[in-house]
Amino acid sequence: MSSSDTTPRTDHEAILRLDNVTRVHGTDGTAVRALAGVSLAVRAGELVAVMGPSGSGKSTLLNLAGGLDAATSGQVLIEGQSIGTLKGDALARLRRRRVGFVFQDFNLIPSLTAVENVALPLELDGQRVSRARRRAVDALTMVGVQELADRYPDKMSGGQQQRVAIARALVGDRRLVLADEPTGALDSHTGEGVLRVLRERCDAGAAGLLVTHEARHAAWADRVVFLRDGVVVDSTGSAETAEALLEPTA
Amino acid sequence: MSVKQGLLALLATEPMYGAQLRSEFEARTGGTWPLNVGQVYTTLARLERDGLVEAIGEDAEGRISYRLTRAGQAEVARWWVSPVTRETTPRDELVIKLALAVTVEGVDVHRVVQTQRTATLRHLQDLTRLKQRATTHHEAAEDGDGQVDLAWLLVLENLIYAGEAEVRWLDHVEARLVREANRPRRPASATPGTTATTTDPAMGAIAGDQSTTTKGAPR
Ligand SMILES: Nc1ncnc2c1ncn2[C@@H]1O[C@H](COP(=O)(O)OP(=O)(O)OP(=O)(O)O)[C@@H](O)[C@H]1O
Ligand SMILES: [Mg+2]
C-alpha cells in the first residue's frame, strides 16, 4: 500500500497511521529523542493500548497522532491524509472534527459548564448552539453524567471531570479517539466505566489509542504496544499482524 | 482452596449427591478449578467419618445424598467468619526464574521481563474478553442465573487483578535493574560510615549480589 493512496478507504484501512515517526525535542547538545522510528496503524473498530515506563514517549506519540505536535521525520496519516502537509486552519479543522482527545489532566475550561465544555468543539465547528447542546447532552448521557450538565468543573469530583472530558472527546462523529491516562485518578469502578465507554465507541467503528500504566485497563484493547526509550519493543498482536502493521510503508 | 470447605458450604444450601456437588462447585467458580468426581467422593467419605455430614439415603438411581450435621453447620459458620490464611508461599515459577536470571551470568533479564509482560497482557486480554461477555450475560440474566454469573465475574476479576499485580511487579523489577545498572559502585572495602545502603534490611541479602551480576544485562 502506498501512503499517497487516494482510493476510497474501506473499514479495513487504518484511520491512524504512523510511518517511521521520529520526534526530537530541542537541538544539538540538549536534544532528546522522545520517539525514534515508530510505525503503527490503528484501524476502524480497533482499540490499541500503549504501555511503557515514564518518559518512554507515550504522550509524545499521542500528541503526534492527534496533530498537536509535529514529527521531526516520518509521517502521520489520519484517514489517509498526511497531516504534516496541512496548513494551520485545515489541521485545526481536522482535529476538531475527526479527533477526540482525553488528556493526562482533564483540561476542562473552568469558566464553562459541563455541557458547554462538551459542546464547544461542535460550536467552534459552526454547528448551531441548540444542536451542539443536544449532542453534548447525548455524549454526557453516554458516559453517565447527564445530571452534571450545568455544573462547573470546580464543582465536580476528579472522576466526574474525567467523564466530562471523555464525553467531549466522543461528541460528534470523531473517528479517532486518543486518550492519555484517562483513568489516572479514578477508583477501579469508575476507571472501568471509562474503558467500557472507549471500548463501545471503538466497537461502533472508531479507532482508539489509549495510553495507560494499568495492565488491567490496557487489556481492554485489541492490541497492546510496548514503548521503551521511544522505540516499540513488543506488541501483543499475533506475530503476523504485528509485523504487517509495524512495517513502514516507505 | 480446600475442597472440604467448599463442599460443606454448598451442602449448607441443601442436601446434594456427589455429582451434583461437583457441578454446583464448578458452576459457581466458572470451572476455573475443576474437581474430579473421585475427589468429591473421597472428601465426602472423610467428612462423614469426621461427623460433619451424614448420608440421607439413596434415590432411585442409587445416588447417595448428603446433608450437614450440627457440627458441619458449625464448621461452615466458622469458615465464613475466619480469614483465609496463606501460610505457605506457593512456589512461583516466574519469581524463581527471575531470581535465577539476575544471578546467572549472560541472561538478558530485560528480555525475560518483556517476554513475560507481553504474555501476561495477552492472558489479561483473554480474561477481559471473558469478563465482557459475562458482564453482558449477567446484565441480561434472570435473578437465579444472575447470581451464578456474578460468582464467575468475581473469579475472573480476581484472575485479572492477579495478572495486573504480576505486570506491576515486572515493571518494578525492570526499574530496579535500571537503577542497579546506574548505581555507582563502591570499592569492596567501604568504610563503615558508607555501608548504610548495603545494610538496609529492605534490600535483603540478595541486593549485594545483584550489583555484580546484573552488569552484563543489556539495557
Ligand atoms: N517539550 C519537550 N521538550 C523537551 N523534552 C521533552 C518535551 N516533551 C517531552 N520531552 C521528553 O521526551 C521524552 C518522552 O516524554 P513523554 O512525555 O512522551 O513521556 P511519557 O511516556 O508520556 O511519560 P509519562 O508516563 O511520565 O507521562 C521524555 O524524556 C521527556 O523528558
Ligand atoms: Mg505522558
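What follows is calculated from the coordinates using simple rules that are stated; it is not laboratory data. Note that the structure is predicted; figures quoted are calculated from it, not measured. Cβ coordinates were reconstructed from backbone atoms using ideal geometry, including for glycine residues, and neighbour counts include every protein chain displayed.
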If you check B:H172, B:H110, B:H138, which single one turns out to be on the phi < 0 side of the Ramachandran plot, within 13 Å of another protein chain (Cβ to nearest Cβ) and in contact with an Asp or Glu (Cβ under 7 Å, 6 or more places away or on another chain)? B:H110
With the condition kept exactly as written, say whether any residue in segment B:58-69 is under 30 Å from A:A218 (Cβ atoms) and not acidic (D, E). no
Determine whether B:L177 is within 30 Å of B:V109 (Cβ to Cβ) and surrounded by 12 or more Cβ atoms within 10 Å (Cβ to Cβ). yes
Could you please find all residues in segment A:197-236 being among the basic types (K, R) and within 11 Å of another protein chain (Cβ to nearest Cβ)? A:R199, A:R216, A:R223, A:R228
Evaluate segment A:83-92: report whether one residue or more is away from ligand 1 (no atom under 16 Å from the Cβ) and closer than 27 Å to A:G237 by Cα. yes
Selection from segment B:45-71 of residues that are of a type in the set (D, E, K, R) and under 17 Å from B:T13 (Cα atoms): B:E54, B:R67, B:R70
Apart from one, (1) within 16 Å of ligand 2 (Cβ to nearest atom); (2) surrounded by fewer than 16 Cβ atoms within 10 Å (Cβ to Cβ); (3) not basic (K, R) all hold for A:N63; the odd one out is (2)
Of everything in segment A:36-53 that's surrounded by 24 or more Cβ atoms within 10 Å (Cβ to Cβ) and within 12 Å of ligand 2 (Cβ to nearest atom), which residue is nearest to the other protein chains (Cβ to nearest Cβ)? A:M51
Among the candidates A:G191, A:G208, residue that is away from ligand 1 (no atom under 13 Å from the Cβ) and in contact with a Cys (Cβ under 9 Å, 6 or more places away or on another chain): A:G208
With the checklist (1) farther than 30 Å from A:P53 by Cβ; (2) in contact (Cβ under 8 Å) with a residue 12 or more places away in the chain; (3) in contact with a helix residue (DSSP H, G or I) (Cβ under 9 Å, 6 or more places away or on another chain) in hand, flag the one item A:R98 doesn't pass. (3)
Could you go through segment A:89-102 and let me know if any residue there is away from chain B (no Cβ under 14 Å), within 16 Å of ligand 2 (Cβ to nearest atom), under 13 Å from the mean Cα position of the chain (by Cα) and not in a strand (DSSP E or B). no
Please verify whether A:G172 is touching a strand residue (DSSP E or B) at 6+ places or on another chain (Cβ under 9 Å), more than 14 Å from chain B (Cβ to nearest Cβ) and either over 28 Å from B:A165 (Cβ atoms) or in a loop (DSSP other than H, G, I, E, B) (or both), treating the condition exactly as stated. yes
(1) over 20 Å from A:A221 (Cα atoms); (2) of a type in the set (D, E); (3) more than 10 Å from ligand 1 (Cβ to nearest atom); (4) surrounded by fewer than 20 Cβ atoms within 10 Å (Cβ to Cβ) all hold for A:E13 apart from (1)
On the basis of being more than 23 Å from A:D222 (Cα to Cα), of a type in the set (A, V, I, L, M) and within 16 Å of ligand 2 (Cβ to nearest atom), does A:V32 make the cut? yes
More than 14 Å from chain A (Cβ to nearest Cβ) and among the aliphatic types (A, V, I, L, M) - does that describe any residue in segment B:80-90? yes
Between a residue in segment A:54-74 that is away from chain B (no Cβ under 14 Å) and more than 6 Å from ligand 1 (Cβ to nearest atom) and any residue that is assigned to a loop (DSSP other than H, G, I, E, B) and of a type in the set (A, V, I, L, M, F, W, C), which pairs come within a Cβ distance under 7 Å, given they are 6 or more apart or on different chains? A:L64/A:A71
Being outside any loop (DSSP other than H, G, I, E, B) and within 13 Å of chain B (Cβ to nearest Cβ) is the filter; apply it to segment A:181-196 and report the residue that is nearest to the chain's Cα centre (by Cα). A:L195
